[in-house]
1. Can you report the number of residues in the range 1-28 which are within 13 Å of Asp178 (Cβ to Cβ) and without any contact (Cβ under 8 Å) to a residue 60 or more places away in the chain?
2. If you scan the range 66-78, which residues turn out to be surrounded by 15 or more Cβ atoms within 10 Å (Cβ to Cβ) and not in a strand (DSSP E or B)?
3. Kindly indicate whether any position in the range 106-121 is among the aromatic types (Phe, Trp, Tyr), open to solvent by 10 Å² or more (accessible area, probe 1.4 Å) and away from ligand 1 (no atom under 16 Å from the Cβ).
4. Checking the structure you have, find out if any residue of the range 148-157 is surrounded by fewer than 22 Cβ atoms within 10 Å (Cβ to Cβ) and on the phi > 0 side of the Ramachandran plot.
5. Could you tell me which residue of the range 30-40 is nearest to Glu61 (Cα to Cα), considering only residues that are surrounded by 19 or more Cβ atoms within 10 Å (Cβ to Cβ) and without any contact (Cβ under 8 Å) to a residue 40 or more places away in the chain?
6. Exactly one condition in (1) modelled with pLDDT of 95 or more; (2) surrounded by 14 or more Cβ atoms within 10 Å (Cβ to Cβ) is not met by Ala21; state its number.
7. Across the range 99-135, what is the number of residues that are over 13 Å from the mean Cα position of the chain (by Cα) and either of a type in the set (Lys, Arg) or more than 14 Å from ligand 2 (Cβ to nearest atom) (or both)?
8. Is there a residue being surrounded by fewer than 22 Cβ atoms within 10 Å (Cβ to Cβ), in contact with an Asp or Glu (Cβ under 9 Å, 6 or more places away or on another chain) and outside any loop (DSSP other than H, G, I, E, B) anywhere in the range 235-252?
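The values are calculated or read from the model by the stated rules, or taken from the named source; none is laboratory data. Worth saying up front: this structure is predicted, and the values here are computed from it rather than measured. All Cβ positions, glycine included, derive from the backbone under ideal geometry; neighbour counts span all protein chains shown. All accessible areas refer to the heavy atoms of the entire protein, side chains included, with ligands and DNA or RNA removed. Shrake-Rupley method; radii C 1.70, N 1.55, O 1.52, S 1.80 Å.
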Amino acid sequence: MDKKQHILRLTPRQWQEWFAAHGEPSYRVDQVLDWLYRKMVADPGEMTNFSKELRRSLSQELDCKLPEMSGNVSDSGGTTSKYRLTLHDGAVIESVLMDQGGRYSFCVSTQAGCPLGCTFCATGRGGFVRDLFPEEITGQIVHLARICGAVGNVVFMGMGEPLLNTGALLPALEALVDPSRLALGLRRVTVSTAGIPDGIRQLARHGTPPGLALSLHSPFDAQRSDLMPVNRRYPLEEVLDACGEYAGLTGRTLMLEYVMLGGVNTSPEAARGLARIAARLGAKVNLIAFNSFEAADYAPPERGEVAAFRSILEKQGVLVIQRYRRGAGIGAGCGQLAGAGPK
Ligand code: SAH
Ligand code: SF4
């Protein structure tokens, strides 16, 4: 129904054309970008330095709706908050705001639901609804920035597989790093993928390559296929090749994410296999304790299990980061984002 261009989708050049076509001076471009990406105001009615007629034209000709907040929950310390956002067609996504002592991280979704069905992930269990549009991705960032008053680091680790939606991810990345829009340094943006080789290559060749995190979770093909059905389509070797290319082309250090599932993927052999892959790619490892959710088939690892695994990695010279269970208590931890279906 809504065929209007979205106000967050126009590039600075398109804004130039839009204002020229409306007989407006070119400095309006800076003004509108200031409203949208510094003041985080998308409603033309609030753009007080524009004439009434101009505000009316903007409202009538463009789609100015942001994702609507339909719920939120914070952990007891108030440092992690999960926002439930309802999109124009009723699809629901979730975004997470983390406050690390005044420095913020935004965890954003790229799809409503996810088609990849990883067995340890609440989003994957819930099925797939649809891809997000670019403005629904930037809309989450504008929404979170409005709440905390600043644009935080952005991690594409919310719902969905970013590299299955490059059609929206790439324009959103452009808006993120464009100095006249969200102006985030590339170092402050990370895309996490379950391992889509074509998407990894496409991202590597894109003008603005972000940090890349590969969700590995097992160094063994058979086990990885059990945990992540996508591994049957794109086996490890193909994925690791594409990651090697990414590191080579972009010069960026990769991150390997490893969700520790108690008693499942935490053996010494798995640690050694992971260390070999990290060495091959020159990658860091992020160990994440499994965040449980209702009807989950796995358990979090024991403390000793994590320590033993970590120590093998470190003996092999791997740089290990351990993500603590931020947001887990409120269902805002990795893999706990489940509110995907339309109401
Ligand atoms: N689809 C992408 C990005 C979103 S998932 C991907 O898979 O990489 C973001 C991260 O959360 C991934 O590393 C994913 O494996 C991890 N994750 C999923 N379910 C989890 C759970 N139950 N506990 C901890 N981490 C989980
Ligand atoms: Fe999708 Fe990532 Fe969850 Fe797997 S872990 S189901 S790829 S969101």
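1. 4
2. Leu66, Pro67, Asp75
3. In the first step, residues of the range 106-121 are kept if they are among the aromatic types (Phe, Trp, Tyr); the result is 106, 120.
Adding the requirement that they be open to solvent by 10 Å² or more (accessible area, probe 1.4 Å) leaves 120.
Right, trim to away from ligand 1 (no atom under 16 Å from the Cβ) and you get none.
No; the residues of the range 106-121 include none that is among the aromatic types (Phe, Trp, Tyr), open to solvent by 10 Å² or more (accessible area, probe 1.4 Å) and away from ligand 1 (no atom under 16 Å from the Cβ).
4. Checking the range 148-157: at least one residue is surrounded by fewer than 22 Cβ atoms within 10 Å (Cβ to Cβ) and on the phi > 0 side of the Ramachandran plot.
5. Here the answer is Val32.
6. All conditions are met except number (2).
7. 10
8. yes
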